[in-house]
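Quick notes on the structure that follows.
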Amino acid sequence: MVAPAMDRTVKTASATQKLTMAKGLNMGLRAAMEADPKVLVMGEDVGKLGGVYRITDGLQKDFGEQRVLDTPLAESGIVGTAVGLAIRGFRPVCEIQFDGFVFPAFDQIVSQLAKLHFRSQGRVKMPVVIRIPFGGGIGAVEHHSESPESYFAHTAGLRVVSCSNPLDAYWMIQQAIECDDPVIFFEPKRRYHERAQEVDLSVPPQPLFSSRVLRQGSSATLVCYGPMVRTCLDAATAAAEDGIDLEVIDLRTLSPLDLDPVFASVRKTGRLIAVSEAPRESSLTAEIATRVQQECFYSLEAPVLRVTGFDTPYPPSKLEDDFLPDLDRVLHAVDRSLAW
Amino acid sequence: MQLLTPEGERVHHPDFDIDITAEQLRGLYRDMVLVRRFDREGNALQRQGQLGIWVPLLGQEAAQIGAGRALTDRDMAFPSYREHGVAWCRGVKPTDLLGIFRGTDHGTWDPYEHRFQLYVIVIGNQVLNATGYAMGQRFEGKVGDQDGEATMVFFGDGATSQGDVHEGCVWAAVYDAPVVFFCQNNQWAISEPTERQSRLPLYQRARGYGFPGIRVDGNDVLATLAVSRWALDQCRTGNGPVLIEAFTYRMDAHTTSDDPTRYRLADELEAWKLKDPIERVRVHLVKQQWADQAFFDEVQAESDELAAGFREFCVNMPDPPPGRIFSEVYADEHPVLAAQRDEFLDYLHGFADASTGAQGGEH
Ligand SMILES: Cc1ncc(C[n+]2csc(CCOP(=O)(O)OP(=O)(O)O)c2C)c(N)n1
Ligand SMILES: [Mg+2]
């Protein structure tokens, strides 16, 4: 019997550490591999190199080539064989090198990974995690900055989450590996190596599929996830100087959405701004807006506003600041909401 | 297959020999030196913060110039992202490559004018696209004799694992598509050696598809040129497709973001240095007395001038105008996008004149 992630809290003096998100993920993967010999890591350059972002650094050295696989260069192959390994009882953690390279695997994800449990009437479990560094702001060439989460959230059978800070990264990756359903795990790559944060690993984690209020406020609510959490927190700090008191909610889980905290917040503030890097039409922010107007119709003082990427291909990097929501665009939306 | 040894000795091959004049060989030498020179400048520009990234071709000059000079004006080429040497042969200005790596655009050359398609970053995608293009060449009756057309597609050793590459080979075989699959086996796919992709030498895969596969010394420009010409002729006369494996070595990092000391040994690099594609041509030119010092000095001066112009162009590249992201997403005006563009421009305008109270920016 594998000890649940919940019970892996650190009880020694080293419980308090300074972690980057990259380090948190690396330690979380290590903890999961130590706890369960069925956990495998597979992907392009994840072994010897430790991944292009070094998230799997040192794992092949310590767990060997049979548990950390430098696979041939084919994403459909990575996910398709992970499905087979899961049928055999393994718990593969696949790394897709960059968001824009998940599409060769899309068929395997949508046709097999997402549907096998349903098709087999629950006989076949699919405990596969697909890690995807996602989002922009890193000055990269094409296909390295995309936010494709809505495609996956739109697919029944997949669970979709995104971490936004080092402590969540550490726990969420372990909880995702522990989940018996496939989890698409979106990592905000531009936050990987941001300033390390002090974390306390002795505190048990909150459930994986739950959102969290990160900052209490009364004027308006910002709901966000992944890379935009930092942006929204910064916006809230800036707004506070003008006497505007923003509540910030980190969704953490994109499928299933956990919107109860958002509803409660909107009932309090009356205003909601949904923030995401992904293009706007038919997106998660569209889903959030719909659900909030259904649940909180009489509490709303203004329409739900959205600050998102545009419905264009991700632009060349010199133009990405035009595309990406930033502090100014968030505050501009807050002003509009308040002035409604 | 080799026609010029690393020591600069001319050797002969019964099937793929080549007649080359002094002038032609000097031309190939010049191509390789110039391409290497601006490639090095690309690295330097990245280090100095002028480019976001550079993808070096160092070591692969002979493979690319040999293939690139075998193409005729009628042929079409489909590159991946490292084909600066092929681009050169197709008349694409080196400065036209800069926008991709500086982040101002995704390539500014006209793929029809140069008969050189845009760079493709998603590994393997272009192989199917090239195959489809070649099918079109055949469907339009442009294949059958020496005046026929052909297509050449470039990809790496790592790419050979992708489904798209396999499917491209299947399609090309089934439709007799006039396409040359030109695989530059530079021994590495980022940190993974070729053994992670295949048990067999890659060229042998062609057999399974039912068309010829040839391994050529990719550091030998004469051999690459000869084999590429032969393969293109096979295709244009209706005997395609053909797979070429150009056996070469990635002498630099995968990109300027990569640190190869984490995964490969310096010894390997040293061994390949002895097989340098340019040096062997220089030695041969000297031995044959086909070039004097004045020629080498001239090429050197020309390459420095090219690099200076390349740099000058790069540091003066303007940023694209705001709103550029909305153009050319669709062939015809798209109402949602048009509204988003207007909203965005209004929003920017609001910053320029805060008192007007801009509308939009989010919905
Ligand atoms: C579909 C896809 N997956 C992953 C990547 C990331 N990536 C870029 S280059 C590369 C290795 C390519 O190796 P190879 O085909 O040998 O070409 P080389 O870079 O050596 O020229 C990888 C994995 C990508 N660009 N596209
Ligand atoms: Mg390679």
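The values are calculated or read from the model by the stated rules, or taken from the named source; none is laboratory data. Since we're looking at a predicted model, the values are computed, not measured. Because the Cβ atoms are built from the backbone with ideal geometry, glycine has one as well, and the counts that use them run over all protein chains shown. For accessibility, only protein heavy atoms count, side chains too; no ligands or nucleic acids. Shrake-Rupley method; radii C 1.70, N 1.55, O 1.52, S 1.80 Å.
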ask   = On the given criteria, is A:GLY135 on the phi > 0 side of the Ramachandran plot and in contact with a Ser or Thr (Cβ under 6 Å, 6 or more places away or on another chain)?
value = yes
query = Within the range B:17-53, can you find the residues that are among the β-branched types (Val, Ile, Thr), more than 15 Å from B:GLN288 (Cβ to Cβ) and open to solvent by 10 Å² or more (accessible area, probe 1.4 Å)?
reply = B:VAL33, B:ILE53
query = Among the residues of the range A:82-103, is there at least one that is within 16 Å of ligand 2 (Cβ to nearest atom) and either among the polar types (S, T, N, Q) or in contact with a strand residue (DSSP E or B) (Cβ under 8 Å, 6 or more places away or on another chain) (or both)?
reply = yes
query = In the range B:330-354, which residues are small (Gly, Ala, Ser) and either farther than 17 Å from A:PRO325 by Cα or out of contact with any helix residue (DSSP H, G or I) (no Cβ under 8 Å at 6 or more places or on another chain) (or both)?
reply = B:ALA331, B:ALA338, B:ALA339, B:ALA352, B:ALA354
Among the residues listed as A:VAL41, A:VAL46, the single one being more than 14 Å from chain B (Cβ to nearest Cβ), closer than 28 Å to A:GLU198 by Cα and open to solvent by less than 40 Å² (accessible area, probe 1.4 Å) = A:VAL41
inquiry  = Which residue is surrounded by the most Cβ atoms within 10 Å (Cβ to Cβ), if the candidates are limited to the range B:121-171 and must be away from every other protein chain (no Cβ under 14 Å) and either within 16 Å of ligand 2 (Cβ to nearest atom) or hydroxyl-bearing (Ser, Thr, Tyr) (or both)?
reply    = B:THR151
ask   = In the range A:38-87, what residues are part of a helix (DSSP H, G or I) and either more than 16 Å from ligand 1 (Cβ to nearest atom) or hydroxyl-bearing (Ser, Thr, Tyr) (or both)?
value = A:LEU59, A:GLN60, A:LYS61, A:ASP62, A:PHE63, A:SER76, A:THR81, A:VAL83, A:GLY84, A:LEU85, A:ALA86, A:ILE87
note = Residues in the range B:204-218 that are away from ligand 1 (no atom under 15 Å from the Cβ), in contact (Cβ under 8 Å) with a residue 12 or more places away in the chain and not in a strand (DSSP E or B) total 5
remark   = Per the filter on the range B:268-285, residues open to solvent by 70 Å² or more (accessible area, probe 1.4 Å), more than 22 Å from the chain's Cα centre (by Cα) and touching a residue at least 60 places away in the same chain (Cβ under 8 Å) are B:LEU274, B:ARG282
inquiry  = Residues that are open to solvent by 10 Å² or more (accessible area, probe 1.4 Å), hydroxyl-bearing (Ser, Thr, Tyr) and within 16 Å of ligand 1 (Cβ to nearest atom): does the range B:54-74 have at least one?
reply    = no
message = So, in the range B:175-215, exactly how many residues are under 18 Å from the mean Cα position of the chain (by Cα) and away from ligand 2 (no atom under 16 Å from the Cβ)?
response = 2
query = Considering B:VAL336, B:VAL315, B:VAL329, which residue is of a type outside the set (Gly, Ala, Ser), under 30 Å from B:GLN50 (Cβ atoms) and facing another protein chain (nearest Cβ under 10 Å)?
reply = B:VAL329
task = Name every residue in the range B:164-192 that is free of Cβ contacts under 8 Å to residues at least 60 places away in the same chain and more than 10 Å from ligand 1 (Cβ to nearest atom), in order of residue number.
result = B:HIS166, B:GLU167, B:GLY168, B:VAL170, B:TRP171, B:VAL174, B:TYR175
query = Has the range A:90-110 got any residue that is on the phi > 0 side of the Ramachandran plot and open to solvent by 40 Å² or more (accessible area, probe 1.4 Å)?
reply = no
request  = Could you tell me whether the range A:162-169 includes any residue that is within 14 Å of chain B (Cβ to nearest Cβ) and open to solvent by 10 Å² or more (accessible area, probe 1.4 Å)?
outcome  = no
request  = Take the residues in the range A:116-154 that are surrounded by 19 or more Cβ atoms within 10 Å (Cβ to Cβ) and more than 30 Å from B:TYR119 (Cα to Cα), then tell me which one is farthest from the other protein chains (Cβ to nearest Cβ).
outcome  = A:PRO127
